[in-house]
1. Protein chains only, probe 1.4 Å: how do R2, R46 rank by accessible area, largest first?
2. Within the accessible area of the stretch 1-58, what % is carbon and sulfur when the probe is 1.4 Å and the other protein chains stay in place?
3. How much accessible area does T148 have with a 1.4 Å probe, in Å² rounded to the nearest 10?
4. Evaluate the distance, in nm, between pseudo-label points positioned 7 Å from the Cα of T148 and of E17 along their respective Cα→Cβ axes.
5. Going from most exposed to least, what order do D3, D61 have by accessible area with a 1.4 Å probe?
Amino acid sequence: MRDRQAFRDARRAREFEAFVAGAAGRLLHAATLLTAEAPDANRRARRLLTHALAHTYACWDRLHGEDPYDMARQFLALRFANSAWHEYGGPLSRTRPHPRSALAVLTPRERLILVLRLYEGVAEEQTAALLGLPTERVHILCERATATLLHPPRKAAPRAVGAEVAPS
C-alpha cells in the first residue's frame with residue numbers, strides 16, 4: 001500500500017514539475033504585466049506566481065481533465081484582484097507600479113482585464129464570469145485601457161527659461 005502511494009506521489013510530482021517547466025514563464029510574464037513591475041525586479045509578480053502554483057499543486061489530484069494552466073491563471077487573476085486595493089489603491093499604499101512600465105498608467109482592474117483579454121486571450125464572457133462583472137463592463141474597461149495605452153495623456157510642454165507670456 002505504501003509503495004502505491006509513493007508511486008502516486010512521485011508521479012504527481014513529475015507531472016507538476018513538467019507543468020511548471022512549461023507554464024511558469026508565461027504565468028510569470030502575466031503576473032509581471034499585472035503588477036506593472038520591471039521584468040528584472042518583479043518581487044510582487046513572483047509572489048503571485050508562487051501562490052498560484054502552490055494552489056494548483058494542492059488541487060492537482062482534483063483536476064480530473066481540467067487544464068491546470070487555466071486554474072493557475074484564474075487563481076493568479078483573483079489573487080491580484082483581491083489584493084489590488086491593499087497594494088495599489090489603499091490610502092496607506094506602500095507599493096506602486098514601476099513608473100516606466102507602459103501599463104503603470106492603468107488602474108489595477110484595467111490592467112487585469114487587459115492582460116486576461118489581450119495577453120492571455122480569455123473571452124469577454126469568461127473574464128466577466130471570473131471577475132463577477134457584466135460582459136459590457138469588461139468590454140468598456142478593455143476599450144478604455146486600450147485607448148489609454150494607444151493615446152497616452154499629453155504632458156504640458158516645458159517653458160523656456162526666462163520666457164514670459166505677454167499679456168493680451
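The values are calculated or read from the model by the stated rules, or taken from the named source; none is laboratory data. All figures in this text were calculated on a predicted structure; none of them were measured in a lab. We place every Cβ from the backbone using ideal geometry, glycine too, and count neighbours over all the protein chains shown. These area figures cover heavy atoms from the full protein model, side chains too; ligands, DNA and RNA do not enter into them. Shrake-Rupley method; radii C 1.70, N 1.55, O 1.52, S 1.80 Å.
1. R2, R46
2. Carbon and sulfur: 56 percent of the exposed surface of the stretch 1-58.
3. 40 Å²
4. According to this spin-label approximation, the distance is 4.3 nm.
5. So the residues, ranked largest to smallest area, are D3, D61.
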